[in-house]
Ligand code: SF4
């Protein structure tokens with residue numbers, strides 16, 4: 001049986017958050033979304049077989065340094081000026097692991113003054129709707145990466161107990177009408193069948209983005225080990 005991602009959120013948040021500061025290991029401009037200023041962080045409540053940051057997220061103690069929201073914003077704004085880009089995100093990790101990390105993310109958003117794409121798996125937004133309220137006053141677009149189309153596939157892909165899949169769907173309900181959002185799915189794993197299963201379960205209308213596997217050798221190996229490929 002998979003792990004409890006809510007319990008894991010608490011443990012991971014305690015490792016990557018300290019006195020309002022969060023662990024990051026890189027600040028960069030990336031070409032996703034047509035160009036976006038990116039802060040790469042570590043620490044996630046899931047363990048997706050295809051996670052590009054799998055190994056860093058498994059070695060949290062050894063990766064990155066703690067940065068305050070002011071320090072993160074300063075680095076992002078500097079890149080933003082150089083690149084003339086006012087789109088921002090945090091990547092490589094789950095930004096919302098609980099209240100401490102959510103408050104930190106909110107502070108970064110407040111300071112960078114641009115459009116923020118909040119990439120999340122939504123587990124904590126589903127578990128605690130009050131976390132959504134932190135983001136209603138910002139220029140934010142939430143991209144919820146839904147990991148499966150049923151409990152079984154959610155468990156196989158994320159390593160988490162399939163019974164927690166419903167928090168991903170609940171997150172959409174909690175975001176609806178409060179914060180702009182869309183859903184992303186790993187189409188290489190879903191296929192048309194998985195996608196149509198998920199569509200039947202979506203609690204609210206939403207746009208679905210298809211994303212595709214980056215087939216690093218460790219990703220292929222992880223997928224094989226989980227019986228997905
Ligand atoms: S939710 Fe994202 S950051 Fe977390 S393990 Fe999955 S792919 Fe990696």
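The values are calculated or read from the model by the stated rules, or taken from the named source; none is laboratory data. Because the structure is predicted, anything quoted here is derived from the model rather than measured. Every residue, glycine as well, gets a Cβ built from its backbone with ideal geometry; the counts of neighbours run over all protein chains shown.
Numbers below:
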read-out: Candidate set from the stretch 69-99 (those that are assigned to a loop (DSSP other than H, G, I, E, B), in contact (Cβ under 8 Å) with a residue 40 or more places away in the chain and within 16 Å of the ligand (Cβ to nearest atom)); member that is surrounded by the most Cβ atoms within 10 Å (Cβ to Cβ); value: 97
read-out: Residue list for the stretch 144-159, filter: under 29 Å from residue 112 (Cβ atoms), touching a helix residue (DSSP H, G or I) at 6+ places or on another chain (Cβ under 8 Å) and outside any loop (DSSP other than H, G, I, E, B); value: 144
read-out: Pairs, first at positive phi in the stretch 100-116, second crowded, with 18+ Cβ neighbours inside 10 Å and part of a helix (DSSP H, G or I), C-beta under 9 Å, six or more apart; value: 113/73
read-out: Boolean, residue 16 is surrounded by 14 or more Cβ atoms within 10 Å (Cβ to Cβ), touching a helix residue (DSSP H, G or I) at 6+ places or on another chain (Cβ under 7 Å), in contact (Cβ under 8 Å) with a residue 12 or more places away in the chain and farther than 27 Å from residue 189 by Cα; value: yes
read-out: Test: residue in the stretch 102-116 that is surrounded by 17 or more Cβ atoms within 10 Å (Cβ to Cβ), closer than 19 Å to residue 47 by Cβ and either modelled with pLDDT of 95 or more or within 15 Å of the ligand (Cβ to nearest atom) (or both); value: no
read-out: Members of the stretch 160-183 that are in a strand (DSSP E or B) and either crowded, with 17+ Cβ neighbours inside 10 Å or at pLDDT below 95 (or both); value: 160, 181, 183
read-out: Matching residues, the stretch 144-157, being within 20 Å of residue 95 (Cα to Cα) and surrounded by fewer than 19 Cβ atoms within 10 Å (Cβ to Cβ); value: 145
read-out: Qualifying positions in the stretch 43-62 - more than 9 Å from the ligand (Cβ to nearest atom) and surrounded by 16 or more Cβ atoms within 10 Å (Cβ to Cβ); value: 56, 60
read-out: Counted residues, the stretch 31-42 - those being in contact with a strand residue (DSSP E or B) (Cβ under 9 Å, 6 or more places away or on another chain) and surrounded by fewer than 17 Cβ atoms within 10 Å (Cβ to Cβ); value: 4
read-out: Extreme residue, nearest to residue 32 (Cα to Cα), among residues of the stretch 120-143 that are outside any helix (DSSP H, G or I) and touching a residue at least 60 places away in the same chain (Cβ under 8 Å); value: 143
read-out: Yes/no for residue 22 being more than 12 Å from the ligand (Cβ to nearest atom), part of a strand (DSSP E or B) and surrounded by fewer than 22 Cβ atoms within 10 Å (Cβ to Cβ); value: no
